[in-house]
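The values are calculated or read from the model by the stated rules, or taken from the named source; none is laboratory data. Only a predicted model underlies this, so the values are computations on that prediction, with no experimental measurement involved. Backbone-built Cβ (ideal geometry, glycine too); neighbour counts: all protein chains shown. Heads up: the accessible areas ignore ligands, DNA and RNA and are worked out on the full protein's heavy atoms, side chains in. Shrake-Rupley method; radii C 1.70, N 1.55, O 1.52, S 1.80 Å.
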Amino acid sequence: MISTADDQFSAKTGFNLIKILNNLGIETNYPLQQTSCGKELYEIGDFAGAKTLGERLMKQFSGANRVVCSSSAWVAYIKTVFPKLFFNTAYHIEHQEFCEKIHDITDYLVNIIGTTCLNNEFPNKVVFMDNCQTINDYGIYNEPRTLLRNTAGLELLELPNEIAVQCCGFGNIGFASDFEAVSSALARKKVEAALNLGAEVITSTDTSCLLHLQSYINKNKLKLRCVHIIDILANKNNRK
């Protein structure tokens, strides 16, 4: 399952997700009619619209044994919000089954199929940034770090705890535009902390946060770049 942000702004991340799974001998299928999970509508209070999109999504992936998503934030949303939207409805059983079979890529690799090394290479100093929703609602923490530590040439750096636990400033839909000063200040803290560590790359399991930070980096012409963890895990012999 490809998130809206990846579909619109980072198509290669979606292709790399499929590439990783296929290289492991896992058969994949991507429904071309896939749309949003409804997260954006839910965050602006359109619960009926979010429910409609959620029903459509479950139908589109009804035949899948597992659903692997490019966005950990989407998975966190589905696992925490679908039980509220679909409890005691016509989709009560369907939402329970869907929540059990959907995973972010790092969760799937490490916890479902027991893969902690993909023989990938990425010779850079890298900071991993936790997505707020992923940490709070999904509980993914060690999985991406394990995969990064097993990446040839990669030096994994950790942000100071007081910075690591803060939001990057993207927030939910509309926060970055409605509260630009606060959003930019939060981004600056993350970026400056990464630069102070000597990082060359910031990575995460969600594209939205990375797009937000990359915009701040570009605006201020800083020597740093953001790369989705999927693109790092799919990287083999050349520096990207």
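Could you please state how large a percent of the accessible area of the chain is carbon and sulfur, counting protein chains only and using a 1.4 Å probe?
Solvent-exposed carbon and sulfur of the chain make up 50 percent of the total.
Taking each pair of different alpha-carbon atoms in the chain once, compute 1/r for the pair, average those values, and report the inverse of that mean as the Kirkwood hydrodynamic radius in Å to one decimal. Mind showing how you got there, number by number?
Details: mean 1/r = 0.0545 Å⁻¹.
18.3 Å is the Kirkwood radius here.
Mind putting a number on the dipole of the range 75-129 about its Cα centre? Charges go on the C-beta only, +1 for Lys and Arg and -1 for Asp and Glu, and I need it in Debye to the nearest 20.
Values: 4 positive and 6 negative charges, 36 e Å.
The calculated dipole for the range 75-129 is roughly 180 debye.
Sequence gap at least 6, Cα distance under 8 Å: using those rules, report the relative contact order of the range 21-90 to the nearest whole percent.
It comes to 27 percent, rounded to a whole number.
³J(HN,Hα) across the range 127-134 via Karplus (A = 6.51, B = -1.76, C = 1.60, θ = phi - 60°), whole Hz, x for Gly/Pro?
Running phi through 6.51 cos²θ - 1.76 cosθ + 1.60 with θ = phi - 60° gives 9, 8, 10, 6, 6, 4, 5, 5 Hz.
Once every DSSP H run of n ≥ 4 in the chain is given -39500 (n - 2.57) and the sum is divided by its residues, what mean residue ellipticity at 222 nm do you get, rounded to the nearest 500 deg cm²/dmol?
That calculation yields -13500 deg cm²/dmol at 222 nm.
What's the angle, to the nearest 10 degrees (0 to 90), between helix 207-219's Cα axis and the longest principal axis of the chain?
30
So what are the three principal axis dimensions of the range 100-240 from its Cα atoms, in whole Å, longest to shortest?
Cα spread of the range 100-240 along its principal axes, largest to smallest: 42, 36, 23 Å.
Using DSSP to call loops (not H, G, I, E or B), can you name the trypsin sites (Lys or Arg not before Pro) in the range 27-92 whose Cβ has at most 15 other Cβ atoms within 10 angstrom?
Counting only loop positions with at most 15 other Cβ atoms within 10 Å, the trypsin sites (Lys or Arg not before Pro) in the range 27-92 are Arg66.
Using +1 at the Cβ of each Lys and Arg and -1 at the Cβ of each Asp and Glu in the chain, identify which of Cys37, Tyr77, Ala164 lies farthest towards the dipole's positive end.
Going by the charge dipole, the pick is Ala164.
Taking only the alpha-carbon positions of the range 5-116 and ignoring solvent, what does the Debye formula give for the base-10 log of I(q)/I(0) at q = 0.18, 0.21 Å⁻¹?
Summing over Cα pairs of the range 5-116 leads to -0.94, -1.25.
FRET efficiency for Ala152 and Ala181, Cβ-Cβ distance as r, R0 = 35 Å, nearest 0.05?
After rounding to 0.05, the efficiency reads 0.30.
Once amide H atoms are placed 1.01 Å from N in the peptide plane, what residues at a sequence separation of 5 or more from Asn120, or on another chain, have their amide H within under 5 Å of its amide H?
Distant-sequence amide H within range of Asn120: Ala152.
Under a Cβ-only charge scheme (Lys and Arg +1, Asp and Glu -1), can you give me the dipole magnitude of the chain about the Cα centre, in debye to the nearest 20?
Roughly 620 debye for the chain.
What does the accessible area of Ile140 come to, in Å² to the nearest 10, when a probe of 1.4 Å is used?
10
Among 109-118, 21-30, how do they line up from the highest to the lowest mean number of other beta-carbon atoms within 10 Å?
Numbers: 109-118: 14.7, 21-30: 11.2.
The peptides rank, most packed first, as 109-118, 21-30.
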